[in-house]
Amino acid sequence: MAKVVLQHGKDEQTRKLAMDVIREQEREIAEMRAWFEKRGH
């Protein structure tokens, strides 16, 4: 949904929020992948 906001949204505050959401989710995904790799999954 945040990616849709970046593609179509015009409001800068909403676009910034969407970018923050994407950045945080990417960080969380990387953290989870590292956790799994560390445990041999």
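Bear in mind that the values in this text are calculations on the coordinates, not laboratory data. Since we're looking at a predicted model, the values are computed, not measured. Neighbour counts are summed over all protein chains in view; Cβ atoms, including those assigned to glycine, are modelled from backbone coordinates with ideal geometry.
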message: Looking at L17, L6, can you tell me which residue is in a helix (DSSP H, G or I), in contact with a Lys or Arg (Cβ under 8 Å, 6 or more places away or on another chain) and surrounded by 10 or more Cβ atoms within 10 Å (Cβ to Cβ)?
response: L6
- prompt: Conditions: (1) surrounded by 10 or more Cβ atoms within 10 Å (Cβ to Cβ); (2) part of a loop (DSSP other than H, G, I, E, B). G40 meets all but one. Number of the miss?
  reply: (1)
query: Within the set of pairs 6 or more residues apart or between chains, which connect a residue that is of a type in the set (A, V, I, L, M) inside segment 15-34 to a residue that is outside any helix (DSSP H, G or I) and exposed (fewer than 10 other Cβ atoms within 10 Å of the Cβ) with Cβ atoms less than 9 Å apart?
result: A18/M1; V21/M1
